[in-house]
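Participant: The structure is given below, and queries will be raised subsequently.
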Amino acid sequence: MNPYDQVLDATISHLEKLKASGIKHVKVSQEILSSLTMPSSRAVETRASASPAATSTASGRSTIPVTPKPVAVAPSLPQSKVSLMESMAEEIKQVRGEGEIPGEKGLALEQVKQRAMVCVKCPHLASSRRNVVFGVGNIDSPLMFVGEAPGMEEDQEGEPFVGVAGQLLTKIIKAMGFGREQIYIANVLKCRPNTPGQTAGNRKPSEEEMKKCLPYLLAQIEIIQPKIIVALGGTAVEGLFGKTDGISKIRGHLRYLRNIPVMPTFHPSYLLRQQMLTEKRKVWEDMMKVMEHLQIPITEKQQGFFLKA
Ligand code: URA
């Protein structure tokens, strides 16, 4: 198969996958749109002579139906057609904000995200939130961290664990030998619990809020299929499993959610309030169990973290 046919096939198959997964439109720049709809020889001319000014006026994006349009390119100009299809694939990547065209997992997660982004199951949270904080990180990660709900900073930034508790979580992740971007991080609740009449502070999500939001997290877990989940704090455990004994009692003991092991441990904000080395060590011992489960070698140095000098 020649390179043009390869790119064409790949693009058609990608668009068909998007369509099959329920996505009806992709955004493309005005330039690509014009190239697709004008006679191909002109399209090539236009692309070849596109000035910076012409490109910048094309910054407003349009949407086109997810229907392959191979007829828009003339069979007589294969190299130009290749670059046209490549540009289109690149457009799809950029629009989706991803380094590469998403695979099935990415598309499935994107669909769940799109539903969560417009969720109004808790009208009081939908009206008070700045952002739906869906989740962040590597969707192929063997390790997933689950917290309880976004706080003020997370609500502002649209990303979980970016405040002080998040900075501590990032340190824990690094101590385990990972980069934050290698892990997937999410919360039971995707919206910040509102605090009417208060200018600061957070509140624990209600049982009802967690029940309504849980399907999003379960869908994330189902799609990502981590090898192990760390549940941060008693509320996260309660959100996942329902009411349990207190976190001090259950931490460090694996439990299972749809056959996926879940390690309950203290929430990082507990460690910030309670600075004792013994409490940090407990969390670290839980993390070493997680590392063992993932068959990650634990160095002598790591084994000694948070032990008395
Ligand atoms: N605490 C949580 O449980 N989740 C966040 O995202 C931030 C703080």
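Participant: Hey, can you tell me all the residues within region 215-234 that are farther than 16 Å from Arg255 by Cβ and out of contact with any strand residue (DSSP E or B) (no Cβ under 6 Å at 6 or more places or on another chain)?
Facilitator: Start the filter on region 215-234 by keeping residues that are farther than 16 Å from Arg255 by Cβ, which leaves 215-216, 219-220, 222-225.
Answer for region 215-234, where residues must be farther than 16 Å from Arg255 by Cβ and out of contact with any strand residue (DSSP E or B) (no Cβ under 6 Å at 6 or more places or on another chain): Pro215, Tyr216, Ala219, Glu222, Ile223, Gln225.
Participant: Any idea how many residues of region 122-143 are near the ligand (Cβ under 10 Å from one of its atoms) and in contact with an Asp or Glu (Cβ under 6 Å, 6 or more places away or on another chain)? Working first, answer last.
Facilitator: Residues of region 122-143 that are near the ligand (Cβ under 10 Å from one of its atoms), as a first pass: 133, 135-136.
Applying the additional criterion that residues be in contact with an Asp or Glu (Cβ under 6 Å, 6 or more places away or on another chain) yields 133, 136.
Residues meeting the conditions: 2.
Participant: Name the residue, out of Val146, Val164, that is farther than 27 Å from Thr299 by Cβ and either touching a residue at least 24 places away in the same chain (Cβ under 8 Å) or within 8 Å of the ligand (Cβ to nearest atom) (or both).
Facilitator: Val164
Participant: If you go through region 107-138 one residue at a time, how many are of a type in the set (Gly, Ala, Ser), buried (at least 18 other Cβ atoms within 10 Å of the Cβ) and over 18 Å from Pro160 (Cβ atoms)? Please lay out each step first, then the result.
Facilitator: Filtering region 107-138 for residues of a type in the set (Gly, Ala, Ser) gives 108, 116, 126-128, 135, 137.
Still in the running and buried (at least 18 other Cβ atoms within 10 Å of the Cβ): 108, 116, 135, 137.
Then keep just the ones that are over 18 Å from Pro160 (Cβ atoms); that gives 108.
Total meeting the criteria: 1.
Participant: Now, a different point. Here are the criteria: (1) more than 16 Å from the ligand (Cβ to nearest atom); (2) exposed (fewer than 12 other Cβ atoms within 10 Å of the Cβ); (3) closer than 29 Å to Val132 by Cβ. Tell me which single one Arg273 does not satisfy.
Facilitator: (1)
Residue-wise test of (1) farther than 22 Å from Ser141 by Cβ; (2) surrounded by 15 or more Cβ atoms within 10 Å (Cβ to Cβ).
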site	(1), (2)
Tyr216	no, yes
Gln220	no, yes
Leu232	no, yes
Thr235	yes, yes
Gly239	no, yes
Ser248	yes, no
Lys280	yes, yes
Gln302	no, yes
Phe306	yes, yes
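Participant: Okay, next question. Only one residue in Pro226, Pro268, Pro261 is under 25 Å from Met152 (Cβ atoms) and either touching a Leu at 6+ places or on another chain (Cβ under 9 Å) or modelled with pLDDT under 95 (or both), so which one is that?
Facilitator: Only one candidate passes the filter, namely Pro268.
Participant: Which members of region 171-187 meet the condition of being more than 8 Å from the ligand (Cβ to nearest atom) and either within 20 Å of Lys289 (Cβ to Cβ) or in a strand (DSSP E or B) (or both)? Talk me through it step by step, then tell me what you get.
Facilitator: Here is the first cut: in region 171-187, the ones more than 8 Å from the ligand (Cβ to nearest atom) are 171-184, 186.
Hits for region 171-187 are Lys171, Ile172, Ile173, Lys174, Ala175, Met176, Gly177, Phe178, Gln182, Ile183, Tyr184, Ala186.
Participant: Filter region 191-235 down to the residues that are away from the ligand (no atom under 12 Å from the Cβ), over 17 Å from the mean Cα position of the chain (by Cα) and hydroxyl-bearing (Ser, Thr, Tyr) and list them by number.
Facilitator: Within region 191-235, Thr195, Thr199, Ser206 qualify.
Participant: Quick one: which strands (runs of 3 or more DSSP E) lie wholly within region 211-309 and hold at least 1 residues that are small (Gly, Ala, Ser)?
Facilitator: 228-232
The values are calculated or read from the model by the stated rules, or taken from the named source; none is laboratory data. Here the structure is a predicted model, which means the values were calculated and not measured. Note that we place each Cβ from the backbone using ideal geometry, even for glycine, and neighbour counts take in every protein chain shown.
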